[in-house]
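Down below is the structure, laid out as structure tokens.
What follows draws every value from the coordinates through simple rules; no lab data is involved. As the structure is a prediction and not an experimental result, all values here were calculated from the model. In this analysis, Cβ positions are derived from the backbone assuming ideal geometry, glycine residues included, and neighbour counts consider all displayed protein chains.
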Amino acid sequence: MIAVRKLKPAPGLDLTTAKIPKIGKNDVLVKVRACSICGSDIHIYSWDSALSQRIKPPRTIGHEVAGDVVEIGKEVTSVQVGDYISAESHIACGCCYQCKNGKPHICKTMKILGFDVDGGFAEYVSIPAVNAWKNPKDMPPEIATIEEPMGNSVYTVEMGDVKGKVVTIFGCGPTGLFAVGLARYEGAEKIIAIDGKEFRLNIAKKMGADLVINSAEVDVVKEIMDATDGLGADVFLEMSGSPIAIENGFKTLKPGGKVVALGLPKDPIKFDWSNYVVTKLATVQGIFGREMFHTWERMSKILSSKKLDLTPIITHRFKLTEFDKAIEAAKSGDAGKVVMFPKKN
């Protein structure tokens with residue numbers, strides 16, 4: 001099969017031929033219909049400090065993937081050959097304290113598809129059967145492959161309890177754009193989206209943002225406070241990982257408000273804990289991945305409702321053999337979600 005792999009500890013990736021994965025007794029083999037690019041894949045491509053200590057080449061990368069089950073392990077009963085699935089990328093051990101207490105998404109020995117085991121930027125991928133989420137047969141593959149990152153946003157928005165609230169969303173990469181659409185779906189009163197790229201802000205408008213703010217051009221704090229009659233936001237969804245965005249988000253949070261943080265700063269940040277959290281009576285919730293598998297259940301209901309159109313977020317489509325072009329598009333900032341197909345669609 002063809003596969004996109006990190007062959008050596010240096011910038012870049014290689015399109016190679018590789019053996020079709022062998023599956024274990026509890027695994028399934030999936031023929032990939034579509035895969036999509038995450039920011040972490042860009043970090044792996046660039047080989048920067050964010051992930052260079054974790055990835056051990058050679059490794060087939062890619063964790064956002066959907067396709068058809070073509071083989072099942074001898075002890076698999078939950079999935080059948082022919083099922084059309086999306087992959088939950090977090091592989092839990094099932095044995096640690098967190099796993100045994102209903103929190104496998106923060107498993108102590110978590111492995112991640114495309115990081116710690118070979119991933120889905122290939123024609124075939126092996127995953128544990130428990131990680132295979134069954135999709136309706138008529139779901140477009142470009143939607144099925146973005147369920148995994150969308151799940152991050154579903155979890156974030158759900159924890160924000162945004163119905164009837166004024167919500168700021170800092171960072172309009174794909175997860176932020178999903179969050180805009182989801183906040184609208186969940187009945188937020190007012191959605192303010194903040195990013196430094198006009199391209200992304202235009203998508204945020206399409207997804208339902210009431211106000212978009214270009215952080216590269218205006219005073220973000222003033223704009224938000226003016227738009228909220230000086231009160232600030234009830235809920236701040238941090239999707240960027242930017243230290244400046246984090247500070248501005250806390251500055252414009254209404255006293256007694258809630259922060260839900262998905263973005264990951266590259267380095268430790270300085271933070272005014274006393275004024276931003278303690279005396280502001282702020283509630284702060286971290287988010288990692290998706291609740292397995294509550295988030296997937298919730299996501300399936302949202303998608304089946306047909307009330308949330310994700311197509312504006314999918315801005316680029318490439319063949320897998322064009323992965324270099326796909327990654328450059330994703331890196332540019334003038335892109336939403338970038339999807340690749342092993343076979344020409």
Charges on Cβ only, +1 for Lys and Arg, -1 for Asp and Glu, centred on the Cα centroid of the chain; of Thr156, Phe115, Ala183, which one is farthest towards the dipole's positive end?
Phe115
So what are the ³J(HN,Hα) numbers for segment 308-323, from phi and the Karplus equation (6.51, -1.76, 1.60; θ = phi - 60°), rounded to whole Hz, Gly and Pro as x?
10, 9, 8, 4, x, 7, 7, 9, 9, 9, 9, 6, 4, 5, 9, 4
Would you mind counting up the charge near Lys56? Only other residues with Cβ under 13 Å from its Cβ, with Lys and Arg at +1 and Asp and Glu at -1.
+4
Please provide three numbers in whole Å: the alpha-carbon extents of the chain along the principal axes, with the largest listed first.
60, 41, 39
So if R0 is 25 Å, what FRET efficiency would Lys8 and Asp267 give, r being the distance between their Cβ atoms, rounded to the nearest 0.05?
0.45
Would you mind working out the magnitude of the charge dipole of the chain relative to its Cα centre, with +1 at each Lys and Arg C-beta and -1 at each Asp and Glu C-beta, to the nearest 20 Debye?
840
Long-range amide H contacts for Ile146: which residues qualify at under 5 Å (H placed 1.01 Å from N, peptide plane, sequence gap of 5 or more or a different chain)?
none
Determine the gain in length on full extension of the stretch Lys74-Lys306; use 0.36 nm per residue of separation and subtract their C-alpha separation, reporting nm with one decimal.
79.8 nm
At R0 = 25 Å the Cβ-Cβ FRET efficiency linking Cys96 and Val284, nearest 0.05, sits at 0.50
Can you compute 3J(HN,Hα) from phi for each residue in segment 43-48, using the Karplus curve 6.51 cos²θ - 1.76 cosθ + 1.60 with θ = phi - 60°, rounded to whole Hz and x for Gly and Pro?
4, 5, 4, 6, 6, 8
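Let's test the formula: R0 of 56 Å, r as the Cβ-Cβ distance of Val277 and Lys137. What FRET efficiency results, to the nearest 0.05?
So the FRET efficiency works out to roughly 0.75.
Compute the length gained on full extension between Lys56 and Lys205: take 0.36 nm times their separation in residues and subtract their Cα-Cα distance, giving the result in nm to one decimal.
Here the answer is 49.6 nm.
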Restricting to Cα pairs under 8 Å and 6 or more apart, the percent relative contact order of segment 138-258 works out to 26
Residue-span extension gain [Met225 to Lys319] - 0.36 nm each, minus C-alpha spacing
29.4 nm
With θ taken as phi - 60° and the coefficients 6.51, -1.76 and 1.60, list the Karplus ³J(HN,Hα) couplings across segment 258-273 in order, rounded to whole Hz; mark glycine and proline as x.
10, 10, 10, 10, 10, x, 10, x, 5, 9, x, 10, 7, 8, 7, 4
Cα to Cα, under 24 Å, and not fewer than 8 places away if on the same chain: which lysines meet these conditions relative to Lys266?
Lys6, Lys8, Lys56, Lys108, Lys111, Lys197, Lys251, Lys258, Lys331, Lys337
Average the reciprocal distances over every distinct pair of alpha-carbons in segment 151-286, invert the result, and give the Kirkwood radius in Å.
14.3
Size of the dipole of segment 151-286 about the Cα centre, Lys and Arg at +1 and Asp and Glu at -1 on the beta carbon, nothing else charged, in debye to 20?
180
